[in-house]
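These notes concern the structure reproduced below.
Derivation of every value follows stated rules applied to the coordinates shown; laboratory data play no part. Note that this is a predicted model, so its numbers are computed, not measured. We place every Cβ from the backbone using ideal geometry, glycine too, and count neighbours over all the protein chains shown.
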Amino acid sequence: MPLRLLLSLFCLFTSVGAAEPSLGPAIEGFGPTYPIEDRDVALDDGFVFRAVFDIEHDGDDAGALNPKLVSVARYLNMHARNGVPMANMELAVVVHGGAVKNILDDEAYRSRYRIDNPNLELVSKLHAAGVRFYVCGQSLAFGNVAKSELASPAEVALSAMTMLTVLQSEGYALLP
């Protein structure tokens, strides 16, 4: 391969990898995103982003953030960074299965895992940004979790399946 081509490839790959992800602006401290300056698809100024995140898995480490919750922060941050007003962001999270532990208050989490819930700061910031949290009542019953053990933004639904159906019928796009 000619030296000039090698140098060109090196410059291309180092310039692509040079950009660092940043946190915020919608959810400070969470949700890293990269700037995408050369998009081919523009964002519609008046579009309202209605999305529901289906979170069933919790990850294996009780001391770590649920990566799906981090994705909700990433979604908000990347759109806010690109000029989408928060008023145009209507997001919901449906929590069920093993992920129910991620929405427990600190007291309930400590009683089970001997540490504070590492997800609560992020959940609080997401809720403050307008994200609604729905918890599957069936998962609570099967997991022997009381409603009183949930963090304050959580709303109990009949089931995750019910809530996902209702939200999708209201125009929310499902992001599994």
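Some points to look at:
- Residue among 64, 51, 26, 73 that alone is within 23 Å of residue 169 (Cβ to Cβ) and under 17 Å from the mean Cα position of the chain (by Cα): 51
- Residue count, segment 136-158 (criterion: surrounded by fewer than 17 Cβ atoms within 10 Å (Cβ to Cβ), part of a loop (DSSP other than H, G, I, E, B) and not aliphatic (A, V, I, L, M)): 2
- Given (1) part of a helix (DSSP H, G or I); (2) surrounded by fewer than 21 Cβ atoms within 10 Å (Cβ to Cβ); (3) under 16 Å from the mean Cα position of the chain (by Cα), index of the condition residue 108 fails: (3)
- Qualifying positions in segment 111-135 - surrounded by fewer than 21 Cβ atoms within 10 Å (Cβ to Cβ) and not in a helix (DSSP H, G or I): 114, 115, 116, 118, 129, 130, 132
- Pairs are defined by a Cβ separation below 8 Å, a sequence spacing of at least 6 or placement on different chains, a first member in segment 106-123 that is free of Cβ contacts under 8 Å to residues at least 24 places away in the same chain and more than 19 Å from residue 69 (Cα to Cα), and a second member that is acidic (Asp, Glu) and assigned to a loop (DSSP other than H, G, I, E, B); the pairs so defined are 110/116.
- Those residues of segment 44-102 which are among the small types (Gly, Ala, Ser), buried (at least 21 other Cβ atoms within 10 Å of the Cβ) and outside any helix (DSSP H, G or I), in sequence order: 92
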